[in-house]
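The values are calculated or read from the model by the stated rules, or taken from the named source; none is laboratory data. As the structure is a computational prediction, the values presented were derived from the model and not from experiment. Ideal geometry is used to build each Cβ from the backbone, glycine not excepted, and the neighbour counts take in all protein chains shown. When the accessible area is computed, the model is the full protein with side chains, heavy atoms only, and any ligands, DNA or RNA have been set aside. Shrake-Rupley method; radii C 1.70, N 1.55, O 1.52, S 1.80 Å.
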Amino acid sequence: MPTVLDGKALAQRVKTKLAADVKEFIQKTGVTPKLCVLRAGDDPASEVYVRNKAKACGEVGITSEVVHKPETNEQEVLAIVKRWDDDASVSGILVQLPLPKGIDERKVLELIDPNKDVDAFHPHHAGLLSQGRATLTPCTPRGCLALIHEAQKDITGLHAVVIGRSNIVGKPVAQLLLNANATVTVCHSKTKDLPAIVKQADIIVAAIGKAGFVKGDWVKPGAIVIDVGINRGQDGKLTGDVDYAAAAERAKAITPVPGGVGPMTIAMLLENTLTCARIQKHQ
Ligand code: GUN
């Protein structure tokens, strides 16, 4: 049986350490880190994610402010971001995605001050990451790497296959794996003979958004399997992008869904918020 990579437990360890770091930061600077979160529109999944993020802030001593605009427009969203950019008491800004139709996501994300960009989605951070000198890195990819390192400390020379090429997960996780000296292949919806490529992987990172997409017989015996998918079935149950039961028979280590990557994304968000607070002037 494989090692089940318990993201919930690892996230708890990260949060315990972080709570001490936040306390020390407050004592030294007199500033309490503050995360501002904008939820635009009425995406039901976003409601849960945003609530969990705000709750987690409270657990480590970070102040949070959530603004929910069920009906809004681009002008209003840009104005809120600009206000937070200009507010010295705000350490970090997060605009929950997806944004409602008609709002230009790129325009909004690029307005966030890179020093307050807890998601690290700004091209400034993508550029630094691709040069191997990132200051802030996206939360989910960082969570994936932390879980991989739980399974294996040194991944030098291993073949990592990333399935999915989004700006949020696929591309940045590929960069992080490359920076950790893995040999990286990025697959996507147009990839020819995807199973044949996945079968070569020592590390699989599945970020497709399709329940059970990765089959058990695609998993090389002894591989590390990281499942980023969060798919809600008609029965309301969450499943990942990997056929877990079949993959677990062959993997060396595997993340469950829920309880794998998800909790780590939130823990990394909290770390990024403290990092942002550290790089603010906060005057
Ligand atoms: N929607 C899904 N994942 C994310 C994330 O990591 N950050 C933001 N802002 N929105 C998301």
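Be a star and scan region 54-81 for residues whose amide nitrogen sits under 18 Å from the point 7 Å along the Cα-to-Cβ vector of Glu47.
54-55, 66-72
Pick from Ala146, Ala134, Ala248 the residue whose mean-square fluctuation is largest in a GNM of the chain, springs joining Cα atoms under 10 Å.
Largest GNM mean-square fluctuation: Ala134.
Based on Cβ point charges of +1 for Lys and Arg and -1 for Asp and Glu, what charge dipole magnitude is obtained for the chain about its Cα centre, in debye rounded to the nearest 20?
440 debye
Check Val118: other-chain or 5+ apart residues with amide H under 5 Å from its amide H, H built from backbone geometry?
Ile93
How many percent of DSSP beta bridges within the chain run antiparallel, rounded to 5?
Once the DSSP bridges in the chain are tallied, antiparallel ones form about 5 percent.
Springs between alpha-carbon pairs under 10 angstrom, Gaussian network model over the chain: which of Asp193, Asp42, Asp119 fluctuates most?
Looking only at Asp193, Asp42, Asp119, the biggest GNM fluctuation is shown by Asp193.
Indicate the gyration tensor shape class of region 1-99 (rounded, prolate or oblate), computed on the Cα atoms with a ≥ b ≥ c the square roots of the eigenvalues: a/c under 1.5 is rounded; otherwise a/b larger than b/c is prolate and the rest oblate.
In terms of gyration-tensor shape, oblate.
Just the number, please: percent antiparallel of the DSSP beta bridges in region 177-259, rounded to the nearest 5.
20 percent
Measure nothing fancy, just the Cα-based angle from helix 7-29's long axis to the longest principal axis of the chain, in degrees from 0 to 90, nearest 10.
Roughly 30 degrees between the two axes.
Give me the dipole magnitude in Debye, nearest 20, for region 135-201 about the Cα centre, with unit charges on the beta carbon: positive for Lys and Arg, negative for Asp and Glu.
The calculation lands at about 220 debye.
Trypsin sites (Lys or Arg not before Pro) within region 152-213: which are DSSP loop residues with at most 12 other Cβ atoms inside 10 Å?
Sparse-neighbourhood loop trypsin sites (Lys or Arg not before Pro): Lys153, Lys190, Lys192.
For a label point 7 angstrom out from the Cα of Thr156 toward its Cβ, which stretches of region 170-189 have the backbone nitrogen within less than 20 Å?
Counting only backbone N, you get 175-185.
Given axes a ≥ b ≥ c from the Cα gyration tensor, I'd like to know whether region 67-197 is rounded (a/c under 1.5), prolate (a/b larger than b/c) or oblate.
It comes out prolate by the Cα gyration axes.
Keeping the other protein chains in place, figure out the carbon and sulfur percent of the accessible area of the chain, with a 1.4 Å probe.
Roughly 51 percent, rounded to a whole number.
With a 1.4 Å probe and all protein chains left in place, how much accessible area per residue does the chain have, in Å²?
Per-residue value: 48 Å².
How much mean residue ellipticity at 222 nm does the chain get from its helices, if each DSSP H run of length 4 or more adds -39500 (n - 2.57) and you divide by all residues, to the nearest 500 deg cm²/dmol?
Result for the chain, helices only: -13000 deg cm²/dmol.
Taking a ≥ b ≥ c as the square roots of the eigenvalues of the Cα gyration tensor of the chain, is the shape rounded (a/c under 1.5), prolate (a/b larger than b/c) or oblate?
prolate
What is the local net charge at Val22, summed over the other residues whose Cβ is closer than 12 Å to its Cβ (Lys, Arg +1; Asp, Glu -1)?
+2
What's the angle, to the nearest 10 degrees (0 to 90), between helix 261-279's Cα axis and the longest principal axis of the chain?
Relative to the chain, helix 261-279 is tipped by roughly 40 degrees.
Angle check, please: helix 170-179 long axis (alpha carbons) against the longest principal axis of the chain (alpha carbons), in degrees 0 to 90, nearest 10.
That works out to roughly 80 degrees.
What ³J(HN,Hα) values, in whole Hz, does the Karplus curve 6.51 cos²θ - 1.76 cosθ + 1.60 give for region 199-211 when θ = phi - 60°, with x put for Gly and Pro?
5, 8, 7, 7, 10, 10, 10, 9, 9, 9, x, 10, 4
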